[in-house]
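K.L.:
This is the structure I want to talk about, given as structure tokens.
The values are calculated or read from the model by the stated rules, or taken from the named source; none is laboratory data. It should be emphasised that the depicted structure is a prediction, and the values quoted were computed from it without experimental measurement. FYI the Cβ positions are ideal-geometry reconstructions off the backbone, even for glycines, and counts take in every protein chain you see. Only protein heavy atoms, including side chains, enter the accessible area calculation; ligands, DNA and RNA are left aside. Shrake-Rupley method; radii C 1.70, N 1.55, O 1.52, S 1.80 Å.
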Amino acid sequence: MKILLTTLHAKYIHASLALPCLKAATNKIDGIQSVIREFTVNEHRSTVLRELAAQKADVVAFSCYIWNIEAITRLASDLKKLRPETLLVAGGPEVSYSAEEFLRDNGAFDFVICGEGEKTWREFLALLLQKGDSPITTLSIPAGIAYRNKTGIVPAREREAIENLDDIPSPFAMDLVDTTKPLVYYETSRGCPFSCAFCLSSLEKGVRSFSMQRIHADLLYLIQKEVQVVKLVDRTFNYDAGRANEIWDFILTHNRTSTFHFEIAADLLTKENIRTLTRVPAGMFRFEIGVQATGKETLSRVSRKSDPDRLLAAVTRLTEETGVTVHLDLVAGLPGENFSGFLASLGRLFPVNPHHIQVEPLKVLKGSPMVEIAIREGYAFSGTPPYTILRTSAVSFDEIGHIEEIARLLDLFFNSRRFTRSLATVEDYLALAGFFDTMASFIKKEPGTGQVSLKYLFDLMWRFGEEILPPAAISTFRDALCYDFCLGEYPSAGLLPSFFTGEGKALKSSLPRQTIDAILARMEIPSGSRVRTFTARFLSDYRTTPPVKGPVELIFVYLSSSGRGLRVEVFPLNQPQPLPEGDSSAVIQQQPQSPYQPDKLGLKTESIT
């Protein structure tokens with residue numbers, strides 16, 4: 001019997017965890033040949049359909065989520081017409097909690113696997129092998145499966161969760177996971193200690209963990225494969241502080257090249273956790289922390305047990321004392337929070353200096369307790385994925401659109417890390433939550449706001465800053481904006497934003513050759529790199545936080561090579577060499593590949609005041 005396990009990812013970089021787990025669970029069943037095929041939602045439907053049909057599988061199982069369910073149902077409908085004899089199975093969070101409704105609305109599907117799938121899937125395939133051409137009966141069908149028969153739709157019988165997760169064979173030990181992808185998912189536990197109404201994890205009772213021996217073996221496999229990013233899907237990784245410490249310590253001991261992404265509850269971090277995390281090299285760990293809201297009444301109304309004050313204090317320690325990259329999440333539209341409340345929540349995030357802030361309107365997920373709350377409180381939300389709210393009793397449709405624009409601007413100007421010095425200057429005069437709120441209104445009047453070139457973004461920031469900042473701040477703001485631009489892009493004449501021209505005079509028309517040589521001799525320059533230099537005078541030294549006030553002359557060195565992007569190093573003119581590690585006299589910035597490509601390898605020195 002040939003089994004095809006398939007899904008549509010949101011992006012190519014993702015590697016499925018669900019499909020290899022299902023294949024691993026059935027690898028020892030004689031008579032079963034399982035094949036995994038992964039696609040993306042951006043691939044042409046006819047291309048995917050041809051690939052699915054070409055497999056000539058007896059059973060095709062789809063892994064379903066909010067980002068792919070609509071595309072999957074269309075594919076399944078066409079596949080059933082081409083191969084009516086093929087059994088089609090759906091599983092995953094998007095169908096588990098509405099299986100009967102899903103089968104009623106999607107006649108192409110024969111079965112739905114509800115909830116945790118490995119044990120159910122193994123029993124299901126064993127049943128198919130055993131029954132031959134005999135019909136499936138209610139008594140023979142395993143628990144956890146809803147299905148369609150000649151008389152109608154039969155709901156699933158409840159199945160207990162797998163008590164010992166080590167009973168699930170490791171797909172990593174079997175080499176079933178595509179570790180060549182830039183991002184590989186991994187789990188060390190299932191379930192969540194919390195019961196937040198807006199999350200499907202609230203439906204699970206308690207947390208189950210794989211054994212530490214199993215976790216160590218899987219992690220060592222991923223580390224040895226040098227996976228670029230390992231994203232742990234544990235809902236609250238640090239639910240047990242001691243367990244989290246042991247896993248973090250193992251990674252720190254063995255890892256050299258991989259980045260690990262964790263979802264944690266910052267208010268559960270202990271002093272011992274922080275001590276361990278101070279050993280983390282910059283960028284090796286990423287923490288995604290769900291703040292969601294800072295209003296305690298709002299958090300209470302969605303049963304979220306979180307202390308926002310303790311949480312934000314812990315985030316401050318992470319950003320000040322460790323090399324962990326911190327990503328904070330806010331959810332707009334939770335019960336009791338109006339637009340002003342949302343801005344207040346947003347405003348509390350900037351002072352703790354996170355690296356990223358993500359804002360999303362609430363999604364009323366099928367099966368979550370939030371559905372009942374939303375209906376009771378008169379929410380309007382989309383009936384199709386991703387089930388985003390349209391309005392609430394406290395936030396209007398227009399305000400939700402405004403929040404979405406703020407979220408977009410945060411990505412462009414805050415999360416990109418290209419405007420850190422200029423935003424720090426703004427913060428001396430205005431609260432950043434108000435700044436982005438006003439900017440979201442300002443941008444509605446701007447023509448061509450779909451453009452996102454770097455020059456356009458800097459010009460937009462300049463125009464907005466001129467309009468909103470007090471006159472006394474303009475000179476400093478312009479100066480910091482110039483520094484941000486130089487740190488991210490070589491200031492070529494064709495790329496210069498408007499605020500670069502019209503003031504001052506050139507610092508130097510050229511630099512002495514010995515000065516350039518002294519800099520380059522102390523740098524690691526990959527073979528074949530394009531090298532350019534640029535000199536500039538600034539009102540403050542922005543290489544430190546806070547900046548040191550007083551005129552400073554800086555040299556920017558731009559290194560670019562194929563596949564490496566743009567690397568920028570900054571040195572003071574009177575000290576043309578980097579100092580020992582930890583000294584702030586040299587700044588190194590790695591940027592995405594610059595669109596500017598010099599015609600030939602060489603050195604060039606230009607200047608700006």
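K.L.:
Can you find, within region 513-537, the residue that is most open to solvent (accessible area, probe 1.4 Å) among those that are β-branched (V, I, T) and without any contact (Cβ under 8 Å) to a residue 60 or more places away in the chain?
P.N.:
Checked region 513-537; the qualifying residue most open to solvent (accessible area, probe 1.4 Å) is I525.
K.L.:
Mind listing just one residue for me: the one in region 124-149 that is open to solvent by 10 Å² or more (accessible area, probe 1.4 Å) and of a type in the set (S, T, Y) and, of those, modelled with the highest pLDDT?
P.N.:
S140
K.L.:
Find the residue count for region 372-388, including only residues that are of a type in the set (V, I, T), over 30 Å from R417 (Cβ atoms) and open to solvent by less than 40 Å² (accessible area, probe 1.4 Å).
P.N.:
So the answer is 1.
K.L.:
Within region 538-566, can you find the residues that are closer than 26 Å to R513 by Cβ, open to solvent by less than 60 Å² (accessible area, probe 1.4 Å) and assigned to a strand (DSSP E or B)?
P.N.:
Those that are closer than 26 Å to R513 by Cβ, open to solvent by less than 60 Å² (accessible area, probe 1.4 Å) and assigned to a strand (DSSP E or B): F538, D541, V552, L554, I555, F556, V557, Y558, L559, S560, S561, L566.
K.L.:
Report every pair of residues separated by at least 6 positions or lying on different chains whose Cβ atoms are under 9 Å apart, first residue within region 159-180 and farther than 14 Å from E226 by Cα and surrounded by 14 or more Cβ atoms within 10 Å (Cβ to Cβ), second among the polar types (S, T, N, Q) and modelled with pLDDT under 95.
P.N.:
Short answer, once both residue conditions are applied: P169/N27; L176/N27.
K.L.:
Contact list please: Cβ distance under 6 Å, first residue in region 220-236 and on the phi > 0 side of the Ramachandran plot and in contact (Cβ under 8 Å) with a residue 40 or more places away in the chain, second residue open to solvent by 60 Å² or more (accessible area, probe 1.4 Å) and polar (S, T, N, Q), pairs at least six apart or on different chains.
P.N.:
Every condition considered, no pair remains.
K.L.:
Which one of these is open to solvent by less than 50 Å² (accessible area, probe 1.4 Å) and free of Cβ contacts under 8 Å to residues at least 24 places away in the same chain: L346, L423, L410?
P.N.:
L423
K.L.:
Can I ask one more? Can you pull out every residue in region 77-92 that is buried (at least 20 other Cβ atoms within 10 Å of the Cβ) and within 32 Å of the chain's Cα centre (by Cα)?
P.N.:
Matches in region 77-92: L88, V89, A90, G91, G92.
K.L.:
For region 95-123, give me each residue that is at pLDDT below 95 and hydrophobic (A, V, I, L, M, F, W, C).
P.N.:
The answer is none; no residue qualifies.
K.L.:
Right, next: Would you confirm, using the coordinates I've provided, whether R148 is over 23 Å from L219 (Cβ atoms) and assigned to a loop (DSSP other than H, G, I, E, B)?
P.N.:
Answer is no for this residue.
K.L.:
Still on this structure: Looking only at region 330-343, count how many residues are open to solvent by less than 20 Å² (accessible area, probe 1.4 Å) and assigned to a helix (DSSP H, G or I).
P.N.:
Going through region 330-343 one residue at a time, the tally reaches 1.
K.L.:
Would you check if there is a residue in region 69-87 being in a helix (DSSP H, G or I) and among the hydroxyl-bearing types (S, T, Y)?
P.N.:
yes
K.L.:
Hey, does region 98-105 have a residue that's in a loop (DSSP other than H, G, I, E, B) and either open to solvent by 10 Å² or more (accessible area, probe 1.4 Å) or not basic (K, R) (or both)?
P.N.:
The answer is yes, given that some residue of region 98-105 is in a loop (DSSP other than H, G, I, E, B) and either open to solvent by 10 Å² or more (accessible area, probe 1.4 Å) or not basic (K, R) (or both).
K.L.:
Checking the condition in contact (Cβ under 8 Å) with a residue 60 or more places away in the chain and not acidic (D, E), which residue from G107, G144, G91 passes?
P.N.:
Answer to the selection: G91.
K.L.:
Let me ask you something else. Kindly establish whether D218 is of a type in the set (D, E), assigned to a helix (DSSP H, G or I) and open to solvent by 20 Å² or more (accessible area, probe 1.4 Å).
P.N.:
no
K.L.:
While we're looking at this one, here's another question. Kindly provide the set of residues from region 40-68 that are open to solvent by less than 10 Å² (accessible area, probe 1.4 Å) and part of a helix (DSSP H, G or I), ordered by number.
P.N.:
V48, L52
K.L.:
Let me ask something additional. Please verify whether L362 is buried (at least 17 other Cβ atoms within 10 Å of the Cβ), under 19 Å from the mean Cα position of the chain (by Cα) and over 28 Å from W67 (Cα atoms), treating the condition exactly as stated.
P.N.:
No; evaluated as a whole, the condition is false for this residue.
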